[in-house]
Amino acid sequence: MTTTSKSSRLDPEPMPRRDFLGLAAMWAMGASAAFALLGILRLPRAAVLPAPSKKFKVALPESLADGEPFVPPGRSVALFKDKDGVYAVSTICTHLGCIVKQSADGFACPCHGSEFHKDGTVKKGPAPTALPWLAVTKDGGSFVVDESKVVDPGTRLT
Amino acid sequence: MSDASGATSGVTAMGRFLANLREIPKTFRESLVRGGAPTTDRTRSSFVFGNVFLHLHAVRTHRWSLRWSTTAGLGIMSVAAFLITLITGVLLMFYYKPYPDAAYVSIKDLHFVVPTGRFIRNIHRWAANVMVVAVLLHMARVFFTGAYRKPREFNWLVGMGLLAITLGLSFTGYLLPWDQLAYWAITIGANIAQSPREVTDALKITEYFDPGGLQRLLLLGSSDVGEEALIRFFLLHVMILPLALVALLGVHMWRVRKDGGIARPDDADARLGPPPADTYPVFTEAPQKTYQIAAIVKGKTPAVGKGPENTVPSMPHLFYAEMGVFMLTVLICTALALVSDAPLKELANPNVPENPAKAPWYFLGLQELVAYSAFMGGIGIPSIVLLGLGLIPYLDREKEGTGLWFGGPGGVPLVLLSTVYGFGTAFALEAFAIRFGWIREWWPDVPQLVITAINPGTVLTALYAGFSIWAVKRWGSTRAGALALFTCFLCGFILLTVVGQHFRGPNWVFYWSPSEWPGH
């Protein structure tokens with residue numbers, strides 16, 4: 001109440017120096033705290049991610065029939081061979097990361113019931129996108145799958 | 001020292017030394033409890049305010065707060081369960097090793113080798129469950145008695161923070177045994193954190209703006225669930241979250257006192273009747289002046305214009321009641337620990353998911369929603385619910401019915417109606433989705449954003465919101481709307497949890513009973 005009567009009575013005063021310095025000190029402290037917090041938040045985000053190599057080498061069994069998935073032991077990738085060539089489809093469900101299992105005509109996820117066709121496209125369930133196709137290259141008689149490299153569906157190694 | 005020698009002149013220094021030595025038990029006790037034995041109202045008061053832990057409570061407690069039906073002791077039960085997990089958790093840390101595989105082996109050691117190890121782990125696990133139940137029921141109690149209203153709005157928010165930390169503690173603890181259950185729960189949890197990608201992918205902006213990927217990365221510390229993730233969850237479980245919980249808990253309990261104790265109706269004194277004959281009142285006559293400790297306490301003191309206070313000393317009345325609740329909680333946890341072992345499945349296997357992979361029971365309602373849309377079930381709807389809960393005390397500024405169960409416009413009939421509506425709509429939607437499927441099964445090419453926006457979870461949320469708006473109009477009261485909404489969400493939570501717990505089997509398919517599950 002006193003401030004309103006004061007301002008109506010007098011010309012607007014410049015901010016007293018003490019108030020200004022006090023406010024400036026407060027803002028400077030706030031800014032440095034925010035800056036420090038940003039620096040602290042950088043720490044938990046690793047620059048190099050500790051993870052095993054995403055590339056692996058695999059030989060397809062001779063008996064593998066056309067259009068039958070082959071899942072190398074310990075890997076979450078299904079390799080297919082047909083008349084057009086060889087391709088690899090990830091078996092990590094695009095919903096919440098469970099490993100899909102081979103079903104009668106494609107893949108089914110045990111966690112939340114997503115189902116996929118053999119080419120990775122979604123048949124039913126909550127999965128938002130198709131299973132990605134992964135890059136396959138040839139290395140002598142075997143194939144190298146790079147799980148970190150997604151290719152367009154339909155890309156085969158001929 | 002020199003003064004003391006004057007009073008005891010004629011006694012040798014050695015004699016005084018021996019006398020002091022003999023009196024050590026007495027003098028130590030006096031130095032510990034400064035006010036002396038709590039035998040009078042004055043010493044009972046100093047017993048409370050002279051103790052750093054007890055002084056979170058007021059010196060005197062209103063008789064309304066001590067009625068069993070006011071609080072059911074749920075807040076204290078939550079604290080008691082937390083203290084039990086704290087003590088047993090520290091004991092478990094003697095043997096636990098936060099490293100993949102070694103973690104699993106150390107839990108096995110605890111289970112089979114360490115003396116009382118299995119018992120302590122069981123108590124830890126059961127106390128964690130009791131804590132979740134008690135916290136949820138405590139929240140429901142505060143809501144239904146309208147105790148979130150002014151001046152307790154902020155404490156309601158603190159309580160929500162405590163609820164979130166409680167769930168966080170449970171979830172991070174779930175990972176630590178590094179068994180199949182743990183590994184797949186954490187995989188799913190981390191991917192829920194990543195699920196904003198469901199939206200950013202559909203909008204094709206993930207490359208530039210990827211909050212989901214960042215959340216997952218910060219949680220796991222790696223692109224996979226591995227040792228980095230385990231260390232992070234261990235750190236959260238034993239350090240960051242407990243510290244945050246203790247700090248917030250202190251604020252929460254202190255504010256209960258500062259906000260005027262447990263909420264009670266204005267006519268609480270009349271409802272209680274005259275105090276027992278042996279109760280000594282604080283004020284024998286009603287003070288008629290407005291006392292104010294200027295510049296320290298805002299507003300009128302609560303005693304203005306009121307008759308003799310209907311309070312009793314907190315020591316012993318309140319503290320004995322709290323001790324009773326504490327002992328009951330210990331009894332419940334140890335009894336359950338004797339009957340049922342904490343689960344430990346096979347060692348985590350990153351190539352074969354547990355089937356079905358179920359989260360702890362209190363997350364199964366969310367898992368049920370997640371099975372329709374990862375983003376909406378895991379992040380969207382929980383955020384809407386948390387936001388709605390947080391806004392309740394700021395939207396409901398009414399006074400009617402504070403401190404009474406189901407108080408306010410609508411009252412018990414509205415709560416019953418909401419229960420029927422809440423269960424009914426959730427049941428109908430679940431039955432429909434289980435029987436007929438959802439959009440993707442009918443039109444496989446429909447864009448993901450449509451499913452994210454329209455799925456059983458969001459439809460249910462919209463139905464509840466619509467019902468709440470109807471209640472606001474019907475009773476002309478925001479409290480009625482809040483009652484309707486809270487009751488509905490509580491019922492929906494219960495129904496979805498039961499469905500997730502009992503009626504979902506391998507591949508998250510509906511089964512009437514686990515006995516019908518196909519062998520695998």
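Quick notes on this one:
- Of all residues making up the stretch B:203-223, the number that are part of a helix (DSSP H, G or I) and more than 7 Å from chain A (Cβ to nearest Cβ): 8
- The residues in the stretch A:120-138 that are part of a loop (DSSP other than H, G, I, E, B) and within 13 Å of chain B (Cβ to nearest Cβ) can be counted, and the count is 8.
- Residue in the stretch B:393-406 that is in contact with a helix residue (DSSP H, G or I) (Cβ under 6 Å, 6 or more places away or on another chain), within 30 Å of A:Ala108 (Cα to Cα) and assigned to a helix (DSSP H, G or I) present: no
- Failed criterion for B:Ser195 (all others in (1) within 14 Å of another protein chain (Cβ to nearest Cβ); (2) touching a Cys at 6+ places or on another chain (Cβ under 8 Å) hold): (2)
- Any hit, the stretch A:67-74, residues being out of contact with any Leu (no Cβ under 6 Å at 6 or more places or on another chain), more than 14 Å from chain B (Cβ to nearest Cβ) and either of a type in the set (S, T, N, Q) or at positive phi (or both): yes
- Scan of the stretch B:339-358 for residues that are within 22 Å of the chain's Cα centre (by Cα) and either assigned to a helix (DSSP H, G or I) or within 14 Å of chain A (Cβ to nearest Cβ) (or both), ordered by number: B:Lys358
- Tallying residues that are in contact with a Lys or Arg (Cβ under 7 Å, 6 or more places away or on another chain) and at pLDDT 75 or above within the stretch B:1-39 yields 1.
- Among the numbered conditions (1) closer than 19 Å to B:Gly378 by Cα; (2) of a type in the set (Phe, Trp, Tyr); (3) more than 14 Å from chain A (Cβ to nearest Cβ), the only one that B:Trp475 does not meet is (1).
- Helices (runs of 4 or more DSSP H) fully within the stretch B:424-520 that include at least 2 residues being over 14 Å from B:Leu369 (Cα atoms) and touching a Lys or Arg at 6+ places or on another chain (Cβ under 8 Å): B:439-442, B:478-502.
- Condition met for B:Leu449 (more than 11 Å from chain A (Cβ to nearest Cβ) and not charged (D, E, K, R)): no
- Counted residues, the stretch A:91-107 - those being crowded, with 21+ Cβ neighbours inside 10 Å and in a strand (DSSP E or B): 2
- Residue in the stretch B:395-417 that is modelled with pLDDT under 95, within 21 Å of the chain's Cα centre (by Cα) and crowded, with 20+ Cβ neighbours inside 10 Å present: yes
Residue by residue, here is whether (1) buried (at least 22 other Cβ atoms within 10 Å of the Cβ); (2) among the hydrophobic types (A, V, I, L, M, F, W, C); (3) out of contact with any helix residue (DSSP H, G or I) (no Cβ under 9 Å at 6 or more places or on another chain) holds:
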residue: B:Ala182; (1), (2), (3): yes, yes, no
residue: B:Asp210; (1), (2), (3): no, no, no
residue: B:Arg216; (1), (2), (3): yes, no, no
residue: B:Ser222; (1), (2), (3): no, no, no
residue: B:Glu228; (1), (2), (3): no, no, no
residue: B:Phe233; (1), (2), (3): yes, yes, no
residue: B:Val238; (1), (2), (3): no, yes, no
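- Residue within the stretch A:79-97 that is at the interface with another protein chain (Cβ under 8 Å from one of its Cβ atoms), in contact with a strand residue (DSSP E or B) (Cβ under 8 Å, 6 or more places away or on another chain), among the hydroxyl-bearing types (Ser, Thr, Tyr) and on the phi < 0 side of the Ramachandran plot present: no
- Number of positions in the stretch A:37-80 that are among the basic types (Lys, Arg) and in a loop (DSSP other than H, G, I, E, B): 3
- B:Glu441 out of contact with any helix residue (DSSP H, G or I) (no Cβ under 8 Å at 6 or more places or on another chain), at pLDDT below 95 and either farther than 29 Å from B:Ala202 by Cα or not charged (D, E, K, R) (or both): no
- Residue count for the stretch A:98-119, restricted to those that are more than 13 Å from chain B (Cβ to nearest Cβ) and touching a Gly at 6+ places or on another chain (Cβ under 6 Å): 1
- Within the stretch B:468-493, being hydrophobic (A, V, I, L, M, F, W, C) and without any contact (Cβ under 8 Å) to a residue 24 or more places away in the chain holds for B:Ile469, B:Trp470, B:Val472.
- Residue in the stretch A:80-89 that is closer than 24 Å to B:Leu449 by Cβ, surrounded by 14 or more Cβ atoms within 10 Å (Cβ to Cβ) and not hydrophobic (A, V, I, L, M, F, W, C) present: no
- When residues of the stretch B:359-413 are limited to those that are out of contact with any Asp or Glu (no Cβ under 9 Å at 6 or more places or on another chain), within 14 Å of chain A (Cβ to nearest Cβ) and aromatic (Phe, Trp, Tyr), the one farthest from B:Gly212 (Cα to Cα): B:Phe363
The values are calculated or read from the model by the stated rules, or taken from the named source; none is laboratory data. Treat the numbers as computed from the prediction; the structure is a model and nothing was measured. Glycine also receives a Cβ, built like all others from the backbone with ideal geometry; neighbour counts cover every protein chain displayed.
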